[in-house]
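Novice: Would you mind keeping the following structure in view while I ask a few things?
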Amino acid sequence: MVASRYSPPESRNGLYMPTSAHEQLKEHDLAAFMRSLQDQMSNEYARIQSRVGEDPGTAGDQGEENWATLLRNWLPATYPVVTKGRILGASGEASPQVDVLVLRPDYPLHLRDKKTYLAGGVVAAFECKLTLRPAHLPKIVESCKSIKSMSETRTGTPYRELQREIAFGVLAHSHTWSAGEDTAYFRLLESLENAIFDRVEHPWQIPDVVCVADLVTCVATKSLAVFPHVNDDHRELFEADDRVGGPVTCYMMSRNLDATQRSRGEVMSALVEHLTRLMAKENAALRTYATYFQRSLFVGGLGRSVGWSSDAFSPPVLERIQREGYSDDLWSDWAEYVV
């Protein structure tokens, strides 16, 4: 099934920034923790970079372990986090090496140190870079497609058809986009979109999160825009004669504030909140915690929406959306905002 995409606006006028209430509210303790995480990653990057020329391999390993430690400390504690392994599909094919993996809580103890992990037991896979560069992104997108294809194809609800069981992300300490944070995070988004939309055919194939610790976290949101239930923000994403609509994706960017503003740990907040939410979509037992985390941190951002063809949905799912609209339950597989 191929889902062609419509072109998003090419200027910054196409960016959407929701109103954020957290500017007027007292800072939550979680924000201070997130700000401390960002400081820790910055200090680790400086330490590792000071010796990267002596042994690049060890430097890369240290960077991966930084991220593995962060995930162990901040994702739900029953989910094991491991480093350096390959994912084994149901038919026996193995993925390229993955830097950091999050496993299901019931993953067999005997298999946790085998470095070949069963796809059915993997929750998330991450590629880590000390310094993310534009040239890395095309290969990263191909790896994302390969790894996500090892999850079973799911049908029957919008969520199941737009999201695979294995989440994929990119974790980097720093980057090489141009100096000046404002310019850098816009250019990162453009590089990411160019790498993705030249190579993917369906919304499930895109990376779920790209986090650059000293700049921005881009989280992939997915929502529904099927006529006659299309809101005004999404209507302009589709051709004038398109009366069907389809899914909408948007990389929401949560960035570090500039020196004149007080950072609330936006970059790490967005990373941890989004990963926790993705895990809670698959595991209902996590939803109370995930909801609390989201409400406490008031994670927001700005992004550019992209409309996809209705071919991304199976006919029964599309017909039900057209007939019944969306669920008001935010955790429902039929909610307007899928992830």
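Quick note: the coordinates plus some simple rules give every number you see, no bench work behind them. Since this is a predicted model, take the numbers as computed values, not measurements. Don't worry about glycine lacking a Cβ; one is built from the backbone with ideal geometry, like all the others, and counts go over all protein chains shown.
Novice: Before rounding to the nearest 500, sum -39500 (n - 2.57) across all DSSP H runs of length at least 4 in the chain and divide by the residue total; then give [θ] at 222 nm in deg cm²/dmol. Walk me through the numbers on the way to the answer.
Specialist: On the way: 9 runs with 116 residues, N = 339.
The helix-only estimate for the chain comes to -11000 deg cm²/dmol at 222 nm.
Novice: Roughly how many nanometres apart are two label points built 7 Å out from the Cα toward the Cβ at ASP233 and ASP39?
Specialist: Result for the modelled spin labels: 3.4 nm.
Novice: Using Cβ counts within 10 Å as a stand-in for footprinting exposure, how do LYS145, LYS84 rank, fewest first?
Specialist: LYS84, LYS145
Novice: Applying 1/(1 + (r/R0)^6) with R0 = 25 Å to the Cβ-Cβ distance of THR176 and SER146, what FRET efficiency is obtained, to the nearest 0.05? Each step should come with its number before you reach the end.
Specialist: On the way: r = 25 Å, r/R0 = 1.00.
E(calc), rounded to 0.05, equals 0.50.
Novice: Just want the ordering: THR249, THR116, THR131, from fewest to most Cβ atoms lying within 10 Å of their own Cβ.
Specialist: Working: THR249 26, THR116 11, THR131 15.
Neighbour counts put them in this order, fewest first: THR116, THR131, THR249.
Novice: Name the lysines eligible as straight-distance cross-link partners of LYS114: C-alpha to C-alpha under 18 Å, and not fewer than 8 places from it in the same chain.
Specialist: By straight Cα distance, LYS114 reaches LYS84.
Novice: At 0.36 nm per residue, minus the direct Cα-Cα distance, what do ASP214 and ARG112 gain on full extension? Give it in nm, one decimal, please.
Specialist: Details: separation 102, 0.36 × 102 = 36.72 nm, distance 3.17 nm.
Contour length minus the Cα-Cα distance gives 33.5 nm.
Novice: Shifting gears a bit: Relative contact order of segment 28-324, please, whole-number percent, based on alpha carbon pairs below 8 angstrom and at least 6 residues apart.
Specialist: Working: 521 pairs, mean separation 52.8, N = 297.
Averaging sequence separation for qualifying contacts and normalising by length gives 18 percent for segment 28-324.
Novice: Which residues does the label zone of ALA285 cover in segment 61-93, counting backbone N under 15 Å from a point 7 Å along Cα→Cβ?
Specialist: Counting only backbone N, you get 76-80.
Novice: To the nearest 20 Debye, how big is the dipole of the chain about its Cα centre, given +1 on the beta carbon of each Lys and Arg and -1 on that of each Asp and Glu? Spell out each step's value before the answer.
Specialist: Values: 36 positive and 45 negative charges, 137 e Å.
Dipole of the chain, to the nearest 20 debye: 660 debye.
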